[in-house]
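> Here it is: the structure, laid out below.
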Amino acid sequence: MDLLGYGAFFLTTALIFSLVTLGLNLQWGLIGLFNVGLAGFVAIGAYTSALLTTPDDAARLGGFGLPILVGWLGAMVVGGIAAALTGMATLRLRSDYLAITTFGVAVVVQLVALNAQKLTGGPFGIGFIPRPFGSLAEAPLLFNLSNLAVVSAVTLIAYLALEHLSRSPWGRVLKALREDERAAISLGKSARFYRVQAFAVGGAIMALAGALQAHFTGFIAPDNYLPILTFQVWVMLIVGGSGSNLGAVIGSILVWGIWAGSGTLTSVLFAPEQQARAASLQIVAIGVMLCVILLIRPNGLFGDRPRRPRLGKQAKVTTAKSSSGS
Amino acid sequence: MSLQFVVDGLLTGSMIGLGAIGVTLTYSILRFSNFAHGDFMAWGTYATLAVVSAIGATFGKVAPIAPLSFGWPLLVALVIGMAFTAILALLLDKVLFSRLRSQGQAIIVVMASFGASMALRSLLEFTFTSRPTYFSRAIQIAMPVGFGIRITPDQIALLLLTAVLVLGVHLLMTRTQTGRSMQALSQNAALARIVGIDVASVVRVTWVIGGALACVAGVMIGILVQIRPFMGFDMLLPMFAAAILGGIGSIPGAVLGGLIIGLAEAGAVQLIGAEWRAAVSFIILMAVLFVRPIGLFGVRER
């Protein structure tokens, strides 16, 4: 029974991660936009939904007591707008500028979460976030399973929608822009406009994931949204293979499994006072893993990224062969 | 408002500027924004600290040079630390960045630098724990120099050191063959190769300069503030903002950008409070990207 409950809890967390990874896959896998501040967008979603749905609180702004679904929608809207603004500022420039700006967004969101007490509750965060099945909390197993059902349903919807999108004309334009920007532009597609759209949709999905997480745990604090979150999600996408939605989901579950497993292992192997150091070793291992995968298997498990330079080389080789043959 | 913020700003600006030189060089010559640069700073500082304590262990307690808080051990250690950081940068390039660069996807290199940054920082945290340490716990008396400004001997020495280093790098870039090769490579890589510039050696020089200056900037933070594994990571946004504000590839620009951001941060600390300090560089960054994305001294990319 306990194992089943833990399994449900584990899968719920992993699926929330998959949702973030799906958003990142839209931004990076489909169109090649590098977002190093995704923790910021997840935090925006979590805080928006928390503000909209918590009961009235005298110590800070709001607590509007709205239904949870309104909170989720609000999170997507605010996250999408934040991503669109970031995109509009940087997407006409070199791709690195987007990376640096998103990094800055995450830093600023972290600052606001920590310091704007009136809005975010400061370092103590926001508690009493309504949970979808709060009434079931006495029966942990039932509670965990019903949460898992909700999160699976949302992830499945996002997955199917993204699959549909990537096959739609819109998705084909995005892929065309990634593969050959000049050709796509010459066909009359505005690169910047499409990129801002994709970045905004990705941001909205990340914000939704943040909101789901907030309502699943019932409590949020700035510490949940440190750069390590960004890093974890990137590893999940790279392991799964950027460009593939299925890879994003499976990569998330796999990496979260490794992460949670090694966390349990360190807590068993190391004395309590050494745990913090052991945890940093865990991050080293994952960081090295990211670099190794980038070096030896850049397509991950399910990646579909065709690499133009390689194709170009092959084309040259074949022409060279055919010319030598003739 | 007291004018003290000018001194504070110039000092913070020197740290940012020295770091931004490395960022701007990597960006213009190797064409990627190196997220591990902040961690070069931290590694250099910890290496310097380790050498200082090693010297302290062999030679016993060394008296500091008259008005300063540190003696010759720190100066020797700084040089060793600079060499160490340069080697670390070269090593990381050899193991990771150069291989990914040869695959021809610039943004993958950025991502790898992000992963390397995480690993490097956590390795420091593992070895030295996240508790802050110091080069010296001695308290220096700040001398009043007029206009309500006070400055310590350490601060004067470090400002002078920054000026000397910046001048040195500037002369290297403009007056020597190596520097001219670096500029050529940053302006037109293909043409630079055709005229026979040794790309590999230019890349090496870039990492050596960037790494060594990162170490100096880190040690400055260590002397004036404190030493933590996150010290470099927290400088990343100001450094990027300074490099972009000054114009990618421009060394005077990076330093000027650093000074502007340092002064703006110090001013903001006085006006709205220290907790919002980190937002200053983001606001400046966004303003530059909207108004003049090539920065103060930048050239339009071809």
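The values are calculated or read from the model by the stated rules, or taken from the named source; none is laboratory data. The model shown is predicted, which means the values in this text are computed figures rather than measured ones. So basically every Cβ, Gly included, is an ideal-geometry build from the backbone, and we count neighbours across all protein chains shown.
> Looking at this structure, is residue A:174 buried (at least 17 other Cβ atoms within 10 Å of the Cβ), touching a residue at least 12 places away in the same chain (Cβ under 8 Å) and away from chain B (no Cβ under 14 Å)?
Numbers: buried (at least 17 other Cβ atoms within 10 Å of the Cβ): yes; touching a residue at least 12 places away in the same chain (Cβ under 8 Å): yes; away from chain B (no Cβ under 14 Å): yes.
For residue A:174, the condition - buried (at least 17 other Cβ atoms within 10 Å of the Cβ), touching a residue at least 12 places away in the same chain (Cβ under 8 Å) and away from chain B (no Cβ under 14 Å) - is met.
> Still on this structure, I have one more. Return the only residue of A:119, A:141, A:156 being touching a Lys or Arg at 6+ places or on another chain (Cβ under 9 Å), more than 30 Å from residue B:31 (Cα to Cα) and among the aliphatic types (A, V, I, L, M).
A:119 is the lone residue from the list that is touching a Lys or Arg at 6+ places or on another chain (Cβ under 9 Å), more than 30 Å from residue B:31 (Cα to Cα) and among the aliphatic types (A, V, I, L, M).
> Picking from B:96, B:158, which residue would you name as being within 14 Å of chain A (Cβ to nearest Cβ) and either surrounded by fewer than 19 Cβ atoms within 10 Å (Cβ to Cβ) or of a type outside the set (Phe, Trp, Tyr) (or both)?
Values: B:158 fails: within 14 Å of chain A (Cβ to nearest Cβ).
Going through B:96, B:158 in turn, the sole match is B:96.
> Taking the options A:93, A:111, A:145, name whichever one is over 23 Å from residue A:202 (Cα atoms) and not hydroxyl-bearing (Ser, Thr, Tyr).
A:145
> So, restricting to helices (runs of 4 or more DSSP H) that lie completely within the range A:235-326, which ones have at least 1 residues that are at pLDDT 75 or above, surrounded by 14 or more Cβ atoms within 10 Å (Cβ to Cβ) and within 14 Å of another protein chain (Cβ to nearest Cβ)?
Ranges flagged: A:245-269, A:275-296.
> Give A:166, A:152 a once-over and let me know the one that is more than 17 Å from the chain's Cα centre (by Cα) and assigned to a helix (DSSP H, G or I).
Details: A:152 fails: more than 17 Å from the chain's Cα centre (by Cα).
Going through A:166, A:152 in turn, just one is more than 17 Å from the chain's Cα centre (by Cα) and assigned to a helix (DSSP H, G or I): A:166.
> Could you please find all residues in the range A:20-56 being touching a residue at least 12 places away in the same chain (Cβ under 8 Å) and not in a helix (DSSP H, G or I)?
Hits for the range A:20-56 are A:31, A:32, A:33, A:34, A:35, A:36, A:37, A:54, A:55.
> Scan the range A:77-97 residue by residue and report those that are aliphatic (A, V, I, L, M) and within 17 Å of the chain's Cα centre (by Cα).
A:77, A:78, A:81, A:82, A:83, A:84
> Continuing with the same structure: Residue B:48: in contact (Cβ under 8 Å) with a residue 40 or more places away in the chain and among the β-branched types (Val, Ile, Thr), yes or no?
yes
> While we're on this one: Taking the stated definitions as given, is residue A:66 in contact with a Leu (Cβ under 6 Å, 6 or more places away or on another chain), of a type in the set (A, V, I, L, M, F, W, C) and crowded, with 22+ Cβ neighbours inside 10 Å?
no
> Can I ask one more? Based on this model, can you work out whether residue A:3 counts as away from every other protein chain (no Cβ under 14 Å), in a helix (DSSP H, G or I) and closer than 26 Å to residue A:108 by Cβ?
Details: away from every other protein chain (no Cβ under 14 Å): yes; in a helix (DSSP H, G or I): yes; closer than 26 Å to residue A:108 by Cβ: no.
No: the conditions fail for residue A:3.
> Which one of these does residue A:183 not meet: (1) modelled with pLDDT of 80 or more; (2) surrounded by fewer than 17 Cβ atoms within 10 Å (Cβ to Cβ); (3) touching a helix residue (DSSP H, G or I) at 6+ places or on another chain (Cβ under 8 Å); (4) closer than 30 Å to residue A:8 by Cβ?
For residue A:183, the failing item is (4).
> What do you reckon, is residue A:102 of a type in the set (S, T, N, Q), in a helix (DSSP H, G or I) and more than 14 Å from chain B (Cβ to nearest Cβ)? Outline the logic, then answer.
Values: of a type in the set (S, T, N, Q): yes; in a helix (DSSP H, G or I): yes; more than 14 Å from chain B (Cβ to nearest Cβ): no.
Taking the combined requirement at face value, the residue does not satisfy it.
> Exactly one of (1) in contact with a Leu (Cβ under 8 Å, 6 or more places away or on another chain); (2) under 30 Å from residue B:64 (Cβ atoms); (3) in a helix (DSSP H, G or I) is unmet by residue B:148. Its number?
(3)
> Of all residues in the range B:56-93, which are surrounded by 14 or more Cβ atoms within 10 Å (Cβ to Cβ) and polar (S, T, N, Q)?
B:69, B:85
> Considering each residue of the range A:128-160, count those that are within 20 Å of residue A:253 (Cα to Cα) and either among the hydrophobic types (A, V, I, L, M, F, W, C) or surrounded by fewer than 14 Cβ atoms within 10 Å (Cβ to Cβ) (or both), and give that number.
Keep residues of the range A:128-160 that are within 20 Å of residue A:253 (Cα to Cα), which gives A:144-160.
When the remaining residues are screened for being either among the hydrophobic types (A, V, I, L, M, F, W, C) or surrounded by fewer than 14 Cβ atoms within 10 Å (Cβ to Cβ) (or both), the result is A:145, A:148-151, A:153-154, A:156-158, A:160.
Residues meeting the conditions: 11.
Results for (1) under 21 Å from the mean Cα position of the chain (by Cα); (2) at the interface with chain A (Cβ under 8 Å from one of its Cβ atoms), shown as yes or no for each residue.
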| residue | (1), (2) |
| --- | --- |
| B:108 | no, yes |
| B:115 | yes, yes |
| B:131 | no, no |
| B:136 | no, no |
| B:142 | no, no |
| B:145 | no, no |
| B:151 | no, no |
